[in-house]
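Undergrad: Have a look at this one before I ask anything.
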Amino acid sequence: MLESLNKRLQTLMPILTPLSLIIGVLLDDVGGHLLFLVPWLFAFMTFAGSLSLNFKGLQSFTKYPFVILLTIAFLHIVMPICAYIVATLLFDDHLLTIGFILSVAVPTGVTSFIWVSVCRGNLALCLSIILINTLISPIVMPFLLHLVIGQTIEIDTAALMLDLLWMIVLPSIVGMLLNELTKGSIEETLGKKLAPFSKMSLFFIVLINSGVIAPYIKSITWELVSVIVIVFILAFSGYVMCFLLGHFLWKDVGIVTTIVFTGGMRNISMGVVVASAYFPPKVVLPVVFGMLFQQVLASFFSRVIELYRAKFAQASA
């Protein structure tokens, strides 16, 4: 029953995510009272997602060091620079600029593993990227935010690092340790049971945090429409750049697939938590809208990868 529910939720994510956003805006008073739950929900999501990971993923670093380093550099250097340039050119609002940078500077999403698996990518490489990126995020993200915006808005970097440690690193390590101790069986016994509740947690995070941005989106303005359009363009261009990088540097379908999803997807729910906890509400806007396109774009590029695989197979024949 739980497995079928999980599959149903997975299919409906492109619908349920914006629906959660709308409900959160309409019930903004309720969301405001439940903000304290968000870090706990996120820590639970991280733990549930990490039950499928193991430390053997680190072994891929010796085989694919350049792929891993390039993907992490793309996530934390290339895309934040692109977001900064686009936001400063199009919006005369420092808070929105921060939001755009934060929306692309968060680590890759653990759900990228699902898409890499579905599209027959390199799973060992994918696990390695997710694991390394997750473990370094409490250092990389505060440094990047401080570098870009620290002089304009004061950030409690130490508190941010501690929050990232207990919301990401510690649940990830516990999940991976349980995976190792049970030799992977915990993913079947507990992981699949927690999967639907993990997705429900994501919907609740969106719903709760939507209350924070409700004043900005209850009335449709050109600025709001522009934010949504630019968020989509940045997300789409991230996938495209990853695809082109993978194709021209490696021409290996497994590697291309892994780079596309680990470089294109983001742990946006973490970005929403950080944005709502450390910045004014307007910063959350670009971050939360990124959730609307995450699964839709992943589904679209899964089809692109299949076409690429078929063409690659013909060229090799």
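Undergrad: Looking at 46, 62, which one is among the hydroxyl-bearing types (Ser, Thr, Tyr) and free of Cβ contacts under 8 Å to residues at least 60 places away in the same chain?
TA: Values: 46 fails: free of Cβ contacts under 8 Å to residues at least 60 places away in the same chain.
Criteria check complete, one pass: 62.
Undergrad: Tally the residues that are closer than 20 Å to residue 63 by Cα and surrounded by fewer than 23 Cβ atoms within 10 Å (Cβ to Cβ), restricting the search to region 110-121. Break it down stepwise before answering.
TA: Residues of region 110-121 that are closer than 20 Å to residue 63 by Cα, as a first pass: 113, 116-117, 120-121.
Those still in the list that are surrounded by fewer than 23 Cβ atoms within 10 Å (Cβ to Cβ) too: 117, 120.
Here the count works out to 2.
Undergrad: For region 1-44, give me each residue that is assigned to a helix (DSSP H, G or I) and over 25 Å from residue 282 (Cα atoms).
TA: Across region 1-44, the qualifying residues are 2, 3, 4, 5, 6, 7, 8, 9, 10, 11, 12, 44.
Undergrad: Hey, does region 131-141 have a residue that's buried (at least 20 other Cβ atoms within 10 Å of the Cβ) and of a type in the set (Ser, Thr, Tyr)?
TA: Yes, because at least one residue in region 131-141 is buried (at least 20 other Cβ atoms within 10 Å of the Cβ) and of a type in the set (Ser, Thr, Tyr).
Undergrad: Same structure again: Any idea which residue in region 184-218 is surrounded by the fewest Cβ atoms within 10 Å (Cβ to Cβ), counting only those that are of a type in the set (Lys, Arg) and in a helix (DSSP H, G or I)? Give the steps one after another, and end with the answer.
TA: Taking region 184-218 first, the residues of a type in the set (Lys, Arg) are 192-193, 199, 218.
Subset that is in a helix (DSSP H, G or I): 192-193, 199.
Values: 192: 16, 193: 14, 199: 22.
This residue is 193.
Undergrad: Which residue pairs have Cβ atoms under 8 Å apart, sit 6 or more places apart or on different chains, and have a first residue in region 190-204 that is free of Cβ contacts under 8 Å to residues at least 60 places away in the same chain and farther than 22 Å from residue 34 by Cα and a second that is buried (at least 17 other Cβ atoms within 10 Å of the Cβ) and of a type in the set (S, T, N, Q)?
TA: Every condition considered, no pair remains.
Undergrad: Those residues that are part of a helix (DSSP H, G or I), within 19 Å of residue 237 (Cα to Cα) and β-branched (Val, Ile, Thr), I need them from region 101-115; list them, please.
TA: 101, 104
Undergrad: Considering (1) at pLDDT 85 or above; (2) over 15 Å from residue 45 (Cα atoms); (3) assigned to a helix (DSSP H, G or I); (4) out of contact with any Asp or Glu (no Cβ under 9 Å at 6 or more places or on another chain), say which one residue 121 fails and leave the rest.
TA: For residue 121, the failing item is (3).
Undergrad: Report every pair of residues separated by at least 6 positions or lying on different chains whose Cβ atoms are under 8 Å apart, first residue within region 236-251 and of a type in the set (A, V, I, L, M, F, W, C), second surrounded by fewer than 20 Cβ atoms within 10 Å (Cβ to Cβ) and not in a helix (DSSP H, G or I).
TA: Matching pairs, first to second residue: none at all.
Undergrad: For region 49-92, which positions are modelled with pLDDT under 90, surrounded by fewer than 17 Cβ atoms within 10 Å (Cβ to Cβ) and of a type outside the set (A, V, I, L, M)?
TA: Those that are modelled with pLDDT under 90, surrounded by fewer than 17 Cβ atoms within 10 Å (Cβ to Cβ) and of a type outside the set (A, V, I, L, M): 55, 56, 59, 61, 62, 63, 92.
Undergrad: From 219, 198, grab the single residue that is of a type in the set (Ser, Thr, Tyr) and in contact with a helix residue (DSSP H, G or I) (Cβ under 7 Å, 6 or more places away or on another chain).
TA: Selected residue: 198, the only one of 219, 198 that is of a type in the set (Ser, Thr, Tyr) and in contact with a helix residue (DSSP H, G or I) (Cβ under 7 Å, 6 or more places away or on another chain).
Undergrad: Continuing with the same structure: Let me spell it out: the conditions are (1) closer than 26 Å to residue 245 by Cβ; (2) surrounded by fewer than 13 Cβ atoms within 10 Å (Cβ to Cβ), and residue 11 meets all of them except one. Which number is the exception?
TA: The failed condition is (1).
Undergrad: So, in region 207-220, exactly how many residues are over 12 Å from residue 37 (Cα atoms) and touching a residue at least 40 places away in the same chain (Cβ under 8 Å)?
TA: Total meeting the criteria: 9.
Undergrad: From 86, 67, 169, grab the single residue that is more than 29 Å from residue 195 (Cβ to Cβ) and either in a helix (DSSP H, G or I) or in contact with a strand residue (DSSP E or B) (Cβ under 9 Å, 6 or more places away or on another chain) (or both). Reasoning before the result, please.
TA: Values: 67 fails: more than 29 Å from residue 195 (Cβ to Cβ); 169 fails: more than 29 Å from residue 195 (Cβ to Cβ).
Answer to the selection: 86.
Undergrad: Somewhere in region 253-264, is a residue closer than 23 Å to residue 50 by Cα and part of a loop (DSSP other than H, G, I, E, B)?
TA: Taking every residue of region 253-264 in turn, none turns out to be closer than 23 Å to residue 50 by Cα and part of a loop (DSSP other than H, G, I, E, B).
The values are calculated or read from the model by the stated rules, or taken from the named source; none is laboratory data. Predicted, not measured: the structure shown is a model, and the values here were computed from it. Here Cβ is always computed from backbone atoms with ideal geometry, including for glycine, and neighbour counts include all displayed protein chains.
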